[in-house]
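Here's the structure, in structure tokens; my notes come after.
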């Protein structure tokens with residue numbers, strides 16, 4: 001029986017060596033943000049918002065042109081928390 005992820009960790013690699021992690025409840029939430037916000041402005045130098053749904057009162061903005069890579073990792077409720 002296939003397991004269903006409880007959320008998705010999205011790692012955004014930014015120019016200059018920075019790496020940020022944000023979480024999305026579903027892969028569809030990530031795809032909606034990615035295709036609706038990031039892709040249309042991929043070469044823009046204006047800031048766009050990155051949704052941080054699990055932290056109240058905080059927000060993150062990033063220049064789409066500075067994003068070098070994105071990694072999406074499913075997180076299962078039974079997963080062991082590990083720091084790299």
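The values are calculated or read from the model by the stated rules, or taken from the named source; none is laboratory data. This structure is a prediction, so every number in the text was calculated from the model and none was measured. FYI the Cβ positions are ideal-geometry reconstructions off the backbone, even for glycines, and counts take in every protein chain you see.
Points to keep in mind about this one:
- The residues of the stretch 4-34 that are assigned to a strand (DSSP E or B) and exposed (fewer than 13 other Cβ atoms within 10 Å of the Cβ), listed by number, are 18, 19, 21.
- For the stretch 51-75, the tally of residues that are surrounded by 11 or more Cβ atoms within 10 Å (Cβ to Cβ) and at pLDDT below 90 stands at 5.
- Exactly one residue out of 16, 36 is closer than 13 Å to residue 51 by Cα and out of contact with any strand residue (DSSP E or B) (no Cβ under 9 Å at 6 or more places or on another chain): that is 36.
- Taken together, the residues in the stretch 35-60 that are within 24 Å of residue 77 (Cα to Cα) and in a helix (DSSP H, G or I) amount to 0.
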